[in-house]
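Asks: The structure that follows is given in the form of structure tokens.
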Amino acid sequence: MRTADDARPELRADCSRCVGLCCVALAFARSADFAFDKAAGDPCVNLDETDRCRIHPQLRDRGFKGCTVFDCFGAGQRVTQRTFGGRSWRDDVDTRSGMFAVFPIMRQLHELLWYVEDALALPAAARLHPALRQARADVRTLTDAPPAAVLAADIEEPRAPAAQLLREAARLTRESGPVGTGPIGSGRHRVARSRLRPDADLLGADLRRADLRGAELRGALLIAADLRDADLTRAELIGADLRDARLDGADLRDAVYLTQPQVNAATGDARTRLPRSLDRPSHWR
């Protein structure tokens, strides 16, 4: 459930205000995450006439884990309610093609806004806040634009300066407190601290009880990594792949740029500590 003090409702998916765009506009391939192939633009067979998923409570059991880890960051309701004024892809061919083209672009913009909001909540990056607020305003201007303007825009124009600010805000935060010390793992499972770097390959790594404070794990491959009881205070996790990572007992309350899709893709338990802006996934123990 969303908390009453949620400061970013427009950046959170609200399926009740969307027309099932993620279930129609996007493609997926048969794999461990999806039970069958679906082409972009074809409605999923599990989408009902009211644009709701017929098997939503059983998605994981029915072979659709990929659906449970997807998050549009509120782009679905933005495109439905604002960009297209409450219309549906079911209405006519032009609306259909327009919505399907705008939706993935809007998702990128909303994800960027999520990160900017995260950066604005970092006290150590206070000197960057004026520039971050301007970056937020620039991106919001594009999200408020009509469909043709969204499609014609070069999203790198607002994204590039925002990305630089995000990286600097993360650096200031990582360096604002104690960094991790001590050994990571033991014996043949020991992990050298030199491996804790951007884009690191830490697939299946034993990081149990690791002191990862201030670690720069941007874009790191952490698939199936064991992070039980690890301290990730001020660890930068933007773009890190946490699929099937074990987060039981891990402290992620002050992790930098952690998102709901990353959390949804991992496993955790009642002891896992998350930022207040994120929800505990229903499939966790």
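Asks: Positive end of the charge dipole of the range 26-169 (Lys, Arg +1 and Asp, Glu -1 on Cβ, about the Cα centre): tell me which of 26, 95, 50 has its Cα farthest that way.
Replies: Working it through, the farthest residue towards the positive pole turns out to be 50.
Asks: Give me the dipole magnitude in Debye, nearest 20, for the range 21-108 about the Cα centre, with unit charges on the beta carbon: positive for Lys and Arg, negative for Asp and Glu.
Replies: Rounded to the nearest 20 debye, it is 220 debye.
Asks: Quick check: at a probe of 1.4 Å, how many percent of the accessible area of the range 186-229 sits on carbon and sulfur atoms?
Replies: The C+S portion of the solvent-accessible surface of the range 186-229 is 42 percent.
Asks: Accessible area per residue, 1.4 Å probe, Å², for the chain: what's the number?
Replies: I get 49 Å² per residue for the chain.
Asks: Would you kindly calculate the translational diffusion coefficient of the range 98-220, applying Stokes-Einstein with the Kirkwood radius from alpha carbon pairs, for 37 °C and a viscosity of 0.692 mPa s, and quote it in µm² s⁻¹ without decimals? Could the numbers behind the result be given before it?
Replies: Numbers: Rh = 16.7 Å.
Here the translational diffusion coefficient equals 196 µm²/s.
Asks: With the cut-off at 1.5 for a/c, could you classify the range 1-92 from its C-alpha gyration tensor as rounded, prolate or oblate?
Replies: Working: a/c = 2.03, a/b = 1.25, b/c = 1.63.
Cα axes put the range 1-92 in the oblate bin.
Asks: Follow-up. Placing unit charges on C-beta atoms (Lys and Arg positive, Asp and Glu negative, everything else neutral), compute the dipole magnitude of the range 1-151 about its Cα centre in debye, rounded to 20.
Replies: 180
Asks: Test of the criteria: in the range 105-183, which GluC sites (Glu not before Pro) are in a DSSP loop and have at most 16 other Cβ atoms within 10 angstrom of their Cβ?
Replies: 175
Asks: Putting +1 on Lys and Arg Cβ atoms and -1 on Asp and Glu Cβ atoms, find which of 149, 202, 164 reaches farthest to the positive end of the dipole of the range 132-285.
Replies: The residue sitting farthest along the positive end of the dipole is 202.
Asks: Could I ask something else about it? Of 253, 78, 54, which has the largest mean-square fluctuation in a 10 Å C-alpha GNM of the chain?
Replies: Per the Cα network of the chain with a 10 Å cutoff, 54 tops the list.
Asks: From the square roots a ≥ b ≥ c of the eigenvalues of the alpha-carbon gyration tensor of the range 202-285, which class results: rounded (a/c under 1.5), prolate (a/b over b/c), or oblate?
Replies: Judged from the Cα gyration tensor, the range 202-285 comes out rounded (a/c under 1.5).
Asks: For the chain, with only Lys/Arg (+1) and Asp/Glu (-1) charged at the beta-carbon, what is the dipole magnitude about the Cα centre, in debye rounded to 20?
Replies: Magnitude of the dipole: close to 740 debye.
Asks: In the range 1-104, carbon and sulfur make up what percent of the accessible area (probe 1.4 Å)? Intermediate values should be presented prior to the final figure.
Replies: Working: 2990 of 5590 Å².
For the range 1-104, the apolar C and S fraction of the accessible surface comes to 53 percent.
Asks: Ranked highest first by average number of other Cβ atoms within 10 Å, how do 271-279, 25-33, 187-195 line up? Show your work: numbers first, answer last.
Replies: Details: 271-279: 16.6, 25-33: 14.9, 187-195: 10.8.
Output ranking for 271-279, 25-33, 187-195: 271-279, 25-33, 187-195.
Asks: While we're looking at this one, here's another question. Could you order 211, 91 so the one with the most accessible surface comes first? Probe is 1.4 Å.
Replies: Descending accessible area places them as 91, 211.
Asks: Then there's this: Take every DSSP beta bridge with both residues inside the chain and express the antiparallel ones as a percent of the total, to the nearest 5.
Replies: 15
The values are calculated or read from the model by the stated rules, or taken from the named source; none is laboratory data. Just so it is clear, the model here is predicted, and its values are computed rather than measured. Note: ideal-geometry Cβ built from the backbone for every residue, glycine included; neighbour counts use all protein chains shown. Note: accessible area is taken over every heavy atom of the protein model, side chains too, but ligands, DNA and RNA are not part of it. Shrake-Rupley method; radii C 1.70, N 1.55, O 1.52, S 1.80 Å.
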